[in-house]
Amino acid sequence: RGVETMTRFLNVATGRGKLGPLETNRLIQEMATTALWSPRLAASRVQVPAEGLRALKNLRATDPALRLASQQIASDLVKYTGGIIGFLTFLKMSGLAEVEVNPLSSDFGKIKVGGTRLDLWAGFQQPLRYTAQAIMGKSKPITTKGFKDVPRDETMGKFLRSKLAPGPVGVGATFLPEDTPLSGLSGG
């Protein structure tokens, strides 16, 4: 079970997430790939934290191979997260760059030097940020001070829009009115 656990983690950590039932039907898989921007990558960004939780659960497993794989996974995730947080903290405290620490901002966890933003999170920041915004019903605009109330369905619409391939985004912008419950799909 240790090899299976490590293989599953390495697949999702490198962007090859599992698509569940979509993987058995080639036509549906191709349709998903046409509609969504890299569905395996999007799935993997949710599955990596799930693998981390699974590893924590198995740290005391009786199977030595599973226990060792779980320890390695937990260690890798802590090192990755801690390394980025440490580097961002150093940059912020040294004054070398600005770093946004509020998860309601689209700049959350990004390095800002002048007008340039660098994202070290490899796609893990967006689901966390959208989740925080949906829970709070607010966002922190980067152009103004303070917070803006944002309907939760609009936040989820923007998240879904961010996962669409360029073609469907253009279609949504053309055909969806801006005041739909998923107004984020229309770019509004």
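The values are calculated or read from the model by the stated rules, or taken from the named source; none is laboratory data. Since the structure is predicted, the reported quantities are computational estimates derived from the model, not experimental observations. Glycine gets a Cβ as well: all are built from the backbone with ideal geometry, and neighbour counts include every protein chain shown. To get the accessible areas, we keep the full protein, side chains included, count just its heavy atoms, and leave off ligands, DNA and RNA. Shrake-Rupley method; radii C 1.70, N 1.55, O 1.52, S 1.80 Å.
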Residues of the range 1-33 being farther than 18 Å from residue 69 by Cβ and either exposed (fewer than 11 other Cβ atoms within 10 Å of the Cβ) or of a type in the set (Gly, Ala, Ser) (or both), in sequence order, are 15, 17, 20, 21, 24, 26, 27, 32
Subset of the range 135-164 [at positive phi and open to solvent by 30 Å² or more (accessible area, probe 1.4 Å)]: 146
Go through the range 13-36 and count every residue that is on the phi < 0 side of the Ramachandran plot, of a type outside the set (S, T, N, Q) and in a helix (DSSP H, G or I). 11
Which residues, taken from the range 57-73, are in a helix (DSSP H, G or I) and over 24 Å from residue 119 (Cβ atoms)? 57, 64, 65, 66, 67, 68, 69, 70, 71, 72
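Let's see how each residue does on (1) at pLDDT 90 or above; (2) surrounded by fewer than 14 Cβ atoms within 10 Å (Cβ to Cβ); (3) not hydrophobic (A, V, I, L, M, F, W, C):
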{"residue": "83", "(1), (2), (3)": "yes, yes, yes"}
{"residue": "106", "(1), (2), (3)": "no, no, yes"}
{"residue": "124", "(1), (2), (3)": "no, no, no"}
{"residue": "133", "(1), (2), (3)": "no, no, yes"}
Has the range 60-80 got any residue that is within 21 Å of the chain's Cα centre (by Cα) and within 30 Å of residue 161 (Cβ to Cβ)? yes
When the residues of the range 87-104 are narrowed to those that are part of a loop (DSSP other than H, G, I, E, B) and within 21 Å of residue 155 (Cα to Cα), which ends up most open to solvent (accessible area, probe 1.4 Å)? 101
Show the residue pairs that are 6+ apart or on different chains and have beta-carbon atoms under 9 Å apart, the first residue being within the range 75-100 and on the phi < 0 side of the Ramachandran plot, the second being among the acidic types (Asp, Glu). 77/51; 91/98; 92/98; 98/107; 99/107; 100/107
Being in contact with a Leu (Cβ under 8 Å, 6 or more places away or on another chain) and at pLDDT 85 or above is the filter here, so list the residues in the range 17-39 that pass it. 17
Could you grab me the full set of residues in the range 15-31 that are under 18 Å from the mean Cα position of the chain (by Cα) and without any contact (Cβ under 8 Å) to a residue 24 or more places away in the chain? none
Going through 129, 54 one at a time, which residue ends up being open to solvent by 40 Å² or more (accessible area, probe 1.4 Å) and assigned to a helix (DSSP H, G or I)? 54
Test each condition in (1) open to solvent by 20 Å² or more (accessible area, probe 1.4 Å); (2) modelled with pLDDT of 90 or more for residue 48 and report the one that comes out false. (1)
